[in-house]
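Okay, so here's the structure we're looking at.
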Amino acid sequence: MPDPAYLSRRRLLQRLALGTPLAALGVRAALAAELPLLAADSAAAKALKYVEDAQQAKDASPGSSCANCGLYAGAAGSARGPCQLFAGQDVLAAGWCSAWAPQL
Ligand code: SF4
């Protein structure tokens, strides 16, 4: 008869082996979830001259937008995504603000 402690360890390892991929899927799903969109008329957005359309920004360098900003954390090709400056909120990939920095 097998040692009950061995069975317990074995069961634990089986559950970890099954649970790890499921946990990773859960994390990926959470990361993919959209955050509330930054309101362009909010005080934080206005402080950095954020606009939803980079072409409307007077100070933006041609071709610069959130999509190619080093602080943008959205997936490549996404229409919106998180910005490191506006925690807990998404910005539009087509947007721009005065903190724009090139990707390294
Ligand atoms: S820091 Fe970059 S990604 Fe964030 S709002 Fe400004 S331009 Fe967009």
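The values are calculated or read from the model by the stated rules, or taken from the named source; none is laboratory data. The model shown is predicted, which means the values in this text are computed figures rather than measured ones. Quick note on the areas: whole protein, heavy atoms, side chains included, nothing else; ligands and nucleic acids left out. Shrake-Rupley method; radii C 1.70, N 1.55, O 1.52, S 1.80 Å.
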*Per-residue HN-Hα couplings for the stretch 71-85, Karplus 6.51 cos²θ - 1.76 cosθ + 1.60 at θ = phi - 60°, whole Hz, x for Gly and Pro?*
9, 7, 10, x, 5, 4, x, 6, 7, 7, x, x, 10, 5, 7
*Using a 1.4 Å probe over the heavy atoms of the protein chains, calculate the carbon and sulfur portion of the accessible area of the stretch 40-84 as a whole percent.*
52
